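Working notes, beginning with the structure itself.
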Amino acid sequence: MFTDEKIPNNVDLARDVRLQRALEAWQPSFLSWWRETGPEGFPENDVYLRTATGVTAEGWAHYDFVRMAEYRWGIFLADPVPDRRIGFGDFLGQPVWQEVPGEHRTALRRLIVTQADTEPASVEQQRGLGRTCPSLYDLRNLFQVNVEEGRHLWAMVYLLHRFFGRDGREEAEELLARRSGHADRPRILGAFNEPIDDWLAFFLFTMLTDRDGKFQLLALAESGFDPLSRTTRFMLTEEAHHMFVGETGVGRVVQRSAELSRQGDVRALGGIDLPTIQKYLNLWYSISLDLFGGEVSTNAASFFGAGLKGRAKEEKFADHVAGEGVVTLELPEGGALVPQEVPVRSAMNEALRDAYVEDCQRGVDRWNRLLEGAGLSDRLRLPSRRFHRRQGAFAGLFFDPDGRPITEAEWARREDDWLPSAADRAFVKSLSPRAITRPGEMASWLAPPSKGIDGKPLDFEYVRLG
Ligand SMILES: [Fe+2]
Ligand SMILES: [Fe+2]
């Protein structure tokens, strides 16, 4: 436990007075950013939250009532692995780096800043959701996700301050200056500038966009820069809860939808119909796929070669150098899709995207089992990875959800069949005119969760309103 310090940590911050002062100077800026852009409402309420106080099993699952602004955001690195070696690329087998190698400094800073920027962005995106929460249980989960994304920002800012000197400190300031969706100083990546205006979007975001985060963190956990590896390994333990919120959240909406569909018109009965859920899925899946970057990428190749960013679970691959050989990707060329041979290293983004797609499919399969169990023949599905892309080889082209090329005119005609229309969004919003805050009560459009948090009952007062 390190709870006496201003900044809880397991990096022996007290031993590095300059660094400690720099981070203590950044702390008030973080707190004013939190007040300005963090969760709206409930500032004085005690929330039943999990706080990381260490990296052992007991340490990171400490639950108690806290006010969000008094949350103990800390810096925690997973324990070092003795004699850890670089697991891929040109430096395979060499000892990992404890300091930033000069020649990789710019690339590493870019990787860290790009990851870091997503953390505050999602807090900003989710800012207004408390006002329309479907239950106290869900409100608490939203706030849990929010404070942990705040901690992930701390985790990345620690790396910037500790290892990147003045430009690291400047980047840390910039992380608090950009704003999700802002016209002049937006967040770095597209999906993190998309509005999250309703809880269906929140559940799909935590299912699909936080899952991009999981795979980016898995790839960075392989890094030869050991502090980055240790930081991201611990972040992954928290990230798992975010995806739990998303997968079970969507699952509860699906389950409720299935129940209501046996009684009549789902929308008229206050539920969300499957076609609408499918459209939200199409949207958040496609913009999350964009986060993996171009199908063919020389940056990805050099990150891999330099040992900075690996593949998810690198040990599962047979060849960790990937210096030769090709993979075949179907890429657009002259108006058609043509199989093209791409060097393995240049297809690293696609390798990470493959692992992500597989993981998403498992979640969709679980939702479909709920539909099957309810006796329905309808199913949800992931659209083609060519559908609605704004980054990479398919950006600027038009494909239907099956991945068939279509014309721009057809896209314009069909877009509202495939992505949430203004009317769909307005309908979903209309289901939640206000926050539902009576312990145990649920909105009409989602089933209760199968169990509470930390062994507490469903009607537990997860956020104290009194
Ligand atoms: Fe995060
Ligand atoms: Fe997350």
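None of the figures in this text is laboratory data; all of them are computed from the coordinates on show. All values reported here derive from a predicted model rather than from experimental measurement. Here the Cβ positions follow ideal geometry from the backbone for every residue, glycine too, while neighbour counts run over all protein chains shown.
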Worksheet, complete the sentence: Surrounding charge for residue 16, neighbours by C-beta under 15 angstrom, Lys/Arg +1, Asp/Glu -1, total +2
Discussion item. Let's see if you can work this out: charge +1 on each Lys and Arg Cβ, -1 on each Asp and Glu Cβ, no other charges. What is the dipole magnitude of region 339-399 about its Cα centre, in debye to the nearest 20?
Written reply: 200
Worksheet item: For region 13-430, what relative contact order do you get, as a whole percent, if you take Cα pairs closer than 8 Å and at least 6 residues apart?
Response: 16
Worksheet item: Taking only DSSP H segments of four or more residues, each worth -39500 (n - 2.57), what value at 222 nm results for the chain once the sum is divided by all its residues, to the nearest 500 deg cm²/dmol?
Response: -15000 deg cm²/dmol
Fill in: From phi via Karplus (6.51, -1.76, 1.60), per-residue ³J(HN,Hα) for region 321-337 in Hz, x at Gly/Pro
8, 6, x, 9, x, 9, 10, 9, 10, 7, 10, x, 8, x, x, 10, 8
Worksheet entry | Gyration tensor (alpha-carbon) shape descriptor, the chain, a/c threshold 1.5 | oblate
Practice prompt. Return, ordered by residue number, the residues of region 31-62 whose backbone nitrogen is under 20 Å from a label point located 7 Å along Cα→Cβ of residue 240.
Written response: 49-62
Practice prompt. Please state the charge dipole magnitude for the chain, taken about the Cα centre, from unit charges on C-beta atoms (+1 on K and R, -1 on D and E), reported in debye and rounded to the nearest 20.
Written response: 540
Worksheet entry | GluC sites (Glu not before Pro) restricted to region 316-421 and DSSP loop, no more than 10 other C-beta within 10 Å | 324
Worksheet entry | Cα centroid of region 236-301 to Cα centroid of region 97-167, whole Å | 22
Item to complete: Please name whichever of 383, 427, 351 sits farthest to the positive end of the charge dipole of region 305-428, dipole taken about the Cα centre and charges placed at Cβ: Lys and Arg +1, Asp and Glu -1.
Response: 427
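Compute the Rg/Rh shape ratio of region 4-147: radius of gyration over Kirkwood radius, all on alpha-carbon atoms.
Taking Rg over the Kirkwood Rh, I get 1.02.
Using a 10 Å cut-off on Cβ atoms, rank the peptides 100-110, 276-286 from the highest mean neighbour count down.
276-286, 100-110
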Fill in: Positive-pole candidate from 183, 143, 308, dipole of the chain, charges at beta carbon
143
Worksheet, complete the sentence: Among 155, 405, 204, the residue whose Cα sits farthest towards the positive end of the charge dipole of region 13-430, when +1 is placed on the Cβ of each Lys and Arg and -1 on the Cβ of each Asp and Glu, is 155
Item to complete: Please give every one of the aspartates and glutamates within straight-line cross-link reach of residue 309, meaning a C-alpha to C-alpha distance under 14 Å, and leave out same-chain neighbours fewer than 8 residues apart.
Response: 90, 222, 226, 350
Worksheet entry | Additional length obtainable on full extension of the chain from residue 319 to residue 174, 0.36 nm per residue less Cα span | 48.4 nm
